[in-house]
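Novice: Just passing along the structure, written as structure tokens.
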Amino acid sequence: MKKLINDPADVVSEALRGIALAHPDHVRVDHENRIVYRKDAPRSGKVGLISGGGSGHEPMHGGFVGPGMLDAACAGEVFTSPVPEQMMAATKEVDGGAGVLHIVKNYTGDVMNFEMAAELAAAEAGTEVLSVVTDDDVAVQDSLYTAGRRGVGVTVLLEKIVGAAAEEGRPLREVADLATKVNAQGRSMGMALTSCTVPAAGKPTFELAENEMEVGIGIHGEPGRQRLPLAPAKDVAALLVDPVLQDLPYQQGDSVIAFVNGMGGTPLIELYVMYNEVRQLLDAAGITVARSLVGNYITSLEMAGCSVTLLKVDDELVRLWDAPVNTPGLRWGA
């Protein structure tokens, strides 16, 4: 195992110290509870937005805390859900009187623990909490970590769009309904060229031969749809885009945000090669790309590979996407 770490047991706590030191203008960190907060949270009269999950997917979620996105992110151990006490502490801390929305990726531990936290916060502090569960991965219906589809790339787009709406002062129910709409209109699919190594495990999560790729992989190394011989980017793009287009389904004339995400170990030059292929497929299908995002935003440690997310948008969603955001991991217009 080759990693820039000290003790594997200290990776998450030391990374959180690094985030706090690197971004003091954006965030503050509760090191005891492992929560990254927006520096000026809570904001009076603003709906608080909380997400979280296992570490190892950076910049998700802590890198998306700040004006225009999240108010708090709870960090679990690598690929392990945070505990309800973390989520409850975050919920109570960011409640500015307008309620709190939990944004939860559809992994069994995350869903269960956020539900418990919402109940505890309501009972102890009277906080009004609503939740949205993202489940945009078309690759498999059930997997090692989920009942139903996994929550992946749409989560990034949702946190940005819903964050902009909360920043405008919209009420909790309206913010939650918007989150539900975004999740319903987005689909994703990913692939891997390599496995990844959880520091505490010290060995790859799974094995892939040099001439193989896994299509439909999950962000924790869960098995995908199929293991295939390595193929050119053009063919890989079709393997990802075609199932996404068929699933919603997307139709000629639709406008989308096209998101090509790196899994952590793929260089940006290759992601742009992939985006070029994705864009050609969308053009051929008569789908308009209103906005695009390319880079490493929801990762799986050092896994090489990528995912493609398409979110069907209207003028309102594009306007919210374009609204200012100022976080460590995503920033424009601020």
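Novice: Between THR134 and residues 5 or more places away or on another chain, which pairs have amide H atoms under 5 Å apart, with H built 1.01 Å from N, and which residues are they?
Specialist: Amide H to amide H, under 5 Å and 5 or more residues apart or across chains, THR134 pairs with VAL104, LYS105, ASN106.
Novice: Looking at the chain, send over the antiparallel percent of its DSSP beta bridges, to the nearest 5. Walk me through the numbers on the way to the answer.
Specialist: Values: 31 of 55 bridges.
If I count the DSSP bridges inside the chain, around 55 percent turn out antiparallel.
Novice: Could you pull out every residue, at least 5 positions away or on a different chain, whose amide H is within less than 5 Å of the one on GLU128? Hs are placed 1.01 Å off N in the peptide plane, and Pro or chain starts have none.
Specialist: Close amide H contacts, sequence-distant or interchain: GLY99, VAL100.
Novice: Counting Lys and Arg as +1 and Asp and Glu as -1, each charge on the Cβ, what is the dipole of the chain about the Cα centre in debye, to the nearest 20?
Specialist: Details: 27 positive and 44 negative charges, 90 e Å.
Dipole magnitude for the chain comes out near 440 debye.
Novice: Using a 1.4 angstrom probe and counting only protein chains, how large is the accessible area of ASP10 in Å², to 10?
Specialist: Approximately 60 Å² of ASP10 is accessible to the 1.4 Å probe.
Novice: Expressed in nm to one decimal, what extension gain is obtained for the pair HIS31 and ARG291 from 0.36 nm per residue of sequence separation less their Cα-Cα distance? All intermediate terms of the calculation are to be shown ahead of the outcome.
Specialist: Numbers: separation 260, 0.36 × 260 = 93.60 nm, distance 3.62 nm.
Extending this stretch completely gives an extra 90.0 nm.
Novice: Excluding THR108 itself, calculate the net charge of residues whose Cβ lies under 15 Å from the Cβ of THR108, where each Lys or Arg counts +1 and each Asp or Glu counts -1.
Specialist: Numbers: positive: LYS105, ARG149, ARG150; negative: ASP110, GLU115, ASP135, ASP137, ASP142, GLU222.
Local charge sum for THR108: -3.
Novice: Tell me whether region 186-332 comes out rounded, prolate or oblate; compute the Cα gyration tensor, take square roots of the eigenvalues as a ≥ b ≥ c, and use a/c under 1.5 as the rounded threshold. Don't jump to the answer; show the numbers that get you there.
Specialist: Working: a/c = 2.21, a/b = 1.41, b/c = 1.56.
Judged from the Cα gyration tensor, region 186-332 comes out oblate (a/c at least 1.5, b/c at or above a/b).
Novice: Can you list the HN-Hα couplings for region 237-244, worked out from phi with the Karplus curve (6.51, -1.76, 1.60; θ = phi - 60°), rounded to whole Hz and with x for Gly and Pro?
Specialist: After applying 6.51 cos²θ - 1.76 cosθ + 1.60, I find 4, 5, 5, 8, 6, 4, x, 5 Hz.
Novice: Report the residue, chosen from PRO232, PRO324, PRO171, that carries the largest GNM mean-square fluctuation when the chain is represented by alpha-carbon nodes joined by springs under 10 Å.
Specialist: Largest GNM mean-square fluctuation: PRO232.
Novice: Right, next: Can you run phi through the Karplus equation (6.51, -1.76, 1.60; θ = phi - 60°) for region 115-127 and list ³J(HN,Hα) in whole Hz, with x for Gly and Pro?
Specialist: 4, 4, 5, 4, 5, 5, 5, 5, 6, 8, 10, x, 6
Novice: Going from most exposed to least, what order do TYR272, TYR297, TYR107 have by accessible area with a 1.4 Å probe?
Specialist: On the way: TYR272 120, TYR297 35, TYR107 10 Å².
Listed by decreasing accessible area, they come as TYR272, TYR297, TYR107.
Novice: Could you tell me the distance between the Cα centroids of region 255-283 and region 101-135, to the nearest Å?
Specialist: 32 Å
Novice: Please give the charge dipole size of region 186-332, origin at the Cα centre, charges +1 on K and R Cβ atoms and -1 on D and E Cβ atoms. Round to the nearest 20 debye.
Specialist: Numbers: 10 positive and 17 negative charges, 45 e Å.
Using Cβ point charges on Lys, Arg, Asp and Glu, region 186-332 gives about 220 debye.
Novice: Within the chain, how many Lys pairs sit with Cα atoms under 18 Å apart, leaving out pairs fewer than 8 places apart on the same chain?
Specialist: For the chain, qualifying lysine pairs total 11.
Novice: Please compute the modelled spin-label separation between LYS203 and ARG331, points set 7 Å along Cα→Cβ, answer in nm with one decimal.
Specialist: My value for the distance between the label points is 4.2 nm.
Novice: Using modelled backbone amide H atoms (1.01 Å from N, in-plane), which distant-in-sequence or interchain residues come within less than 5 Å of GLY264's amide H?
Specialist: SER300, GLY305
Novice: Now, a different point. Ignoring ligands, DNA and RNA, please state the percent of accessible area on the chain from carbon and sulfur, probe 1.4 Å. Numbers along the way, then the final one.
Specialist: Details: 6860 of 13330 Å².
The value for the chain is 51 percent carbon and sulfur by accessible area.
Novice: Restricting to bridges with both residues inside region 205-334, how much of the DSSP beta-bridge set is antiparallel, in percent to the nearest 5? Walk me through the intermediate numbers first.
Specialist: Numbers: 13 of 20 bridges.
Close to 65 percent.
Novice: Right, next: As a test of the formula, what do you get for the chain when each DSSP H run with n ≥ 4 contributes -39,500 (n - 2.57) and the sum is divided by the residue count, at 222 nm and rounded to the nearest 500 deg cm²/dmol?
Specialist: On the way: 8 runs with 108 residues, N = 334.
Value at 222 nm, helices only: -10500 deg cm²/dmol.
Novice: In addition: When a/c reaches 1.5 or more, the comparison of a/b and b/c decides; with that in mind, is the chain rounded, prolate or oblate per its Cα gyration tensor?
Specialist: Values: a/c = 1.73, a/b = 1.23, b/c = 1.40.
Oblate, because a/c is 1.5 or more while a/b does not exceed b/c.
Novice: Still on this structure, please answer the following. Applying the Karplus parametrisation 6.51 cos²θ - 1.76 cosθ + 1.60 with θ = phi - 60° to the phi angles of region 67-84, what ³J(HN,Hα) value in whole Hz is obtained for each residue in order, glycine and proline being reported as x?
Specialist: Once rounded to whole Hz, the list reads x, x, 9, 8, 9, 7, 9, 9, 9, x, 5, 4, 6, 10, 4, x, 9, x.
Novice: May I ask for the percentage of alpha-carbon pairs in region 94-219 that lie more than 19 Å from each other? Mind dumping the intermediate values first?
Specialist: Numbers: 4586 of 7875 pairs.
Every Cα pair in region 94-219 considered, those over 19 Å come to 58 percent.
Novice: Ranked from highest to lowest mean number of other Cβ atoms within 10 Å per residue, what is the order of the peptides 184-191, 46-53? Show your work: numbers first, answer last.
Specialist: Values: 184-191: 25.1, 46-53: 28.5.
Highest-to-lowest ranking by the protection proxy: 46-53, 184-191.
Novice: While we're on this one: Is region 10-185 rounded, prolate or oblate when judged by the Cα gyration tensor, a ≥ b ≥ c being the square roots of its eigenvalues, rounded requiring a/c under 1.5 and prolate requiring a/b larger than b/c? Display every interim value, and only then the final one.
Specialist: On the way: a/c = 1.36, a/b = 1.06, b/c = 1.28.
It comes out rounded by the Cα gyration axes.
Novice: Related question: Under a 1.4 Å probe, what is the accessible area of region 109-254 per residue, stated in Å²? Intermediate results must be reported in sequence, preceding the final value.
Specialist: Values: 6150 Å² over 146 residues.
That works out to 42 Å² per residue.
The values are calculated or read from the model by the stated rules, or taken from the named source; none is laboratory data. Computed from a prediction, not measured in an experiment: that's the story for all the values here. Quick reminder, even Gly has a Cβ in these numbers, built from the backbone with ideal geometry, and neighbours come from all protein chains shown. Surface areas here come from the heavy atoms of the whole protein model, side chains and all, with no ligands, DNA or RNA. Shrake-Rupley method; radii C 1.70, N 1.55, O 1.52, S 1.80 Å.
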